[in-house]
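Comments concern the structure below.
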Amino acid sequence: MSASHNAARDALARLREGNQRFVASIRSGQPLLGPTKPIELGQPQNPVAIILGCSDARVPAELVFDQGLGDLFVIRVAGNVVAPSQVGSVEFAASRFGTPLVVVLGHSKCGAILATIEALQQPAETPQSRNLNSIVNRVRPSVEGLLATELRHDLDSLVHHAVRANVRASVNQLRHGSELLEQLIQDQGLMVVGAEYSLETGAVEFFDLPG
């Protein structure tokens, strides 16, 4: 196993440990006591992980993983979708800083997922905003197939499976939709994984880890 691949595994372990501290603080009602630290103005950043997460105000990555200033390179967009600007941001951090880990972070009860389900089930009532539709259209492929199954009768289960499917779609796009990221994965051991944050418990579950 290469040193860079070990760095990605170490970064993933650090995020898991930070999230465990975050969950413990929620359960105990105590403030976080992890490694959060200030940095001097102008100090170069050296992020341990790149987080492509949802813009939902309840999912701030630095708090969820109990990390400090400069520890994470965070990209946030509704529905944690992958568009050219998000791919470029991931490419920038991975190539410029040598960050070994990319996490696509979805979350339970995602509003972008719900909006997409509503748009597919009741298209006539969907607001015709080109900008909002651009997000819905990127989530759409992850939802359409599920609506053809029995999950359409159980909204909670439908949303749960759609959140996972949407994260996996974004992971796949990052792994295979960028020549630069493909090269970094092959040559430097860059790791791209999916994860889901539970609004109910505060816990993050990682999935789709490479072998």
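Quick check: anything in the range 135-143 in a loop (DSSP other than H, G, I, E, B) and either over 22 Å from Arg9 (Cα atoms) or not charged (D, E, K, R) (or both)? Checked against the condition, which is being in a loop (DSSP other than H, G, I, E, B) and either over 22 Å from Arg9 (Cα atoms) or not charged (D, E, K, R) (or both), the range 135-143 yields no hits at all. Please tell me if Gln173 is more than 15 Å from Asn80 (Cα to Cα) and not basic (Lys, Arg). Considered against the rule, which asks whether it is more than 15 Å from Asn80 (Cα to Cα) and not basic (Lys, Arg), Gln173 comes out as no.
Residue-by-condition table, conditions (1) at pLDDT 90 or above; (2) small (Gly, Ala, Ser); (3) surrounded by 14 or more Cβ atoms within 10 Å (Cβ to Cβ); (4) under 22 Å from Asn131 (Cβ atoms):
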position: Ser2; (1), (2), (3), (4): no, yes, no, no
position: Ala13; (1), (2), (3), (4): yes, yes, no, no
position: Leu33; (1), (2), (3), (4): no, no, no, no
position: Leu41; (1), (2), (3), (4): no, no, no, no
position: Gly53; (1), (2), (3), (4): yes, yes, yes, yes
position: Ser95; (1), (2), (3), (4): yes, yes, yes, no
position: Thr99; (1), (2), (3), (4): yes, no, yes, no
position: Leu114; (1), (2), (3), (4): yes, no, yes, yes
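Filter the range 121-154 down to the residues that are hydrophobic (A, V, I, L, M, F, W, C) and surrounded by fewer than 17 Cβ atoms within 10 Å (Cβ to Cβ), then identify the one that is nearest to the chain's Cα centre (by Cα). Step by step, filter the range 121-154, then rank; the result is Leu132. Quick check, is Arg152 more than 22 Å from Pro84 (Cβ to Cβ) and among the basic types (Lys, Arg)? Answer is yes for this residue.
So which pairs qualify, if the first residue must be in the range 193-211 and more than 18 Å from Arg14 (Cα to Cα) and at pLDDT 95 or above, the second must be part of a loop (DSSP other than H, G, I, E, B) and among the basic types (Lys, Arg), the Cβ gap must be under 8 Å, and the two must be at least 6 apart or on different chains? Going by the 8 Å Cβ cut-off, the qualifying pairs are Leu199/Arg58; Leu199/Lys109.
Asn80 passes every criterion in (1) over 16 Å from the mean Cα position of the chain (by Cα); (2) modelled with pLDDT of 95 or more; (3) under 25 Å from Arg138 (Cβ atoms); (4) not charged (D, E, K, R) apart from (1).
Put simply, of Ser157, Ser170 the only residue that is within 15 Å of the chain's Cα centre (by Cα) and of a type in the set (Ser, Thr, Tyr) is Ser170.
In this structure, does Val87 turn out to be surrounded by 22 or more Cβ atoms within 10 Å (Cβ to Cβ) and at pLDDT 95 or above? Please lay out each step first, then the result.
Numbers: surrounded by 22 or more Cβ atoms within 10 Å (Cβ to Cβ): no; at pLDDT 95 or above: yes.
Judged against the criteria, Val87 is not a match.
The values are calculated or read from the model by the stated rules, or taken from the named source; none is laboratory data. Here the structure is a predicted model, which is why all the values come from computation and not from measurement. All Cβ positions, glycine included, derive from the backbone under ideal geometry; neighbour counts span all protein chains shown.
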